[in-house]
Amino acid sequence: MTHLLAPSLLSADFGNLARDIELVNKSTAHWFHVDVMDGCFVPNISYGQPVIRHIKKHAQKPLDVHLMIVQPERYIQSFKDAGADILTVHYEASIHLHRTIHAIQDAGMKAGVALNPSTPVSSLEDIISDVDMVLLMSVNPGFGGQKFIENTYNKIAQLKDLIKRKDAKCLIEVDGGVCADNIKSLVTGGVDVLVAGNAVFGAKDPIKAIELLSE
Ligand code: DX5
Ligand code: ZN
């Protein structure tokens with residue numbers, strides 16, 4: 001069972017962003033995970049399209065953009081223009097999710113839907129066949145470096161069941177508190193994409209950390 005690793009630039013050194021992007025380019029990581037926060041859907045504000053445009057100039061791997069913003073449907077084309085390859089919106093933030101998902105795909109991106117820790121997997125019953133990826137939040141979104149919520153394992157199992165029952169094709173991504181201690185259980189449980197911020201950029205040797213987390 002192989003998996004993809006997406007280092008989260010939220011934990012990178014914003015003053016040396018080009019250097020940290022270069023580090024990921026050279027590493028065994030697969031995607032860049034790019035967290036957009038609006039100070040409304042989540043308490044924190046991170047960065048938006050102008051910064052992503054610059055990330056795109058340096059990045060040699062796909063940009064996996066995770067929108068933690070209200071009404072993300074307002075900005076689909078502008079994130080496409082900024083360089084997003086995969087665009088994930090929160091279930092809790094988009095009322096007409098079906099329309100949003102198809103608008104993302106029509107704009108030429110893969111479409112993901114993210115669930116907060118308190119949102120049940122069963123909410124996806126009628127959208128699972130339309131999405132390219134489901135992102136399970138394993139912390140409450142807003143900050144890097146938080147502790148992994150153990151109930152995520154139950155949600156992964158439920159999601160696997162739902163995907164099988166609907167014969168859906170989407171990837172499973174887990175985001176928050178991913179580290180060397182839980183990576184094996186997550187991959188065995190069926191996770192396809194692992195996001196890691198602190199475990200990569202907080203490590204003494206990020207290249208080595210990526211190697212360990214992606215093997
Ligand atoms: C949290 C973000 C995550 C965050 C993960 O709201 O969605 O992508 O960067 O960071 P770690 O791996 O440090 O929990
Ligand atoms: Zn994220």
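The values are calculated or read from the model by the stated rules, or taken from the named source; none is laboratory data. The model shown is predicted, which means the values in this text are computed figures rather than measured ones. Neighbour counts run over all protein chains shown; Cβ positions are idealised from the backbone, glycine included. All accessible areas refer to the heavy atoms of the entire protein, side chains included, with ligands and DNA or RNA removed. Shrake-Rupley method; radii C 1.70, N 1.55, O 1.52, S 1.80 Å.
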Condition broken by L212, with the remaining ones in (1) more than 15 Å from the chain's Cα centre (by Cα); (2) touching a residue at least 12 places away in the same chain (Cβ under 8 Å); (3) assigned to a loop (DSSP other than H, G, I, E, B) satisfied: (3)
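Just checking, which of V193, V174, V134, V178 is under 15 Å from the mean Cα position of the chain (by Cα), surrounded by 15 or more Cβ atoms within 10 Å (Cβ to Cβ) and in contact (Cβ under 8 Å) with a residue 60 or more places away in the chain?
V193
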Quick check: anything in region 20-34 assigned to a strand (DSSP E or B) and in contact (Cβ under 8 Å) with a residue 40 or more places away in the chain? yes
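Quick check on region 132-154: of everything there that is in a loop (DSSP other than H, G, I, E, B) and in contact with a helix residue (DSSP H, G or I) (Cβ under 6 Å, 6 or more places away or on another chain), which residue is farthest from ligand 2 (Cβ to nearest atom)? Full working, then the answer.
Kept after step one, since they are in a loop (DSSP other than H, G, I, E, B), are these residues of region 132-154: 132, 138-151.
With the extra rule that they be in contact with a helix residue (DSSP H, G or I) (Cβ under 6 Å, 6 or more places away or on another chain), the set shrinks to 138, 144-145.
On the way: S138: 10, G144: 9, G145: 12 Å.
Selected residue: G145.
So which strands (runs of 3 or more DSSP E) stay within region 55-130 end to end and still have 3 or more residues that are at positive phi? Explain how you work it out, then say what you get.
On the way: elements: 63-68, 86-90, 110-115.
Those strands (runs of 3 or more DSSP E) do not exist here; none qualify.
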Looking at region 155-178, which of its residues are within 24 Å of A103 (Cα to Cα) and assigned to a helix (DSSP H, G or I)? L159, L162, I163, K166
I'd like the residue in region 110-130 that is within 16 Å of ligand 2 (Cβ to nearest atom) and closer than 22 Å to W31 by Cβ and, out of all such residues, is most open to solvent (accessible area, probe 1.4 Å). K110
When you scan region 137-162, how many residues do you find that are touching a Leu at 6+ places or on another chain (Cβ under 7 Å) and without any contact (Cβ under 8 Å) to a residue 24 or more places away in the chain? 0
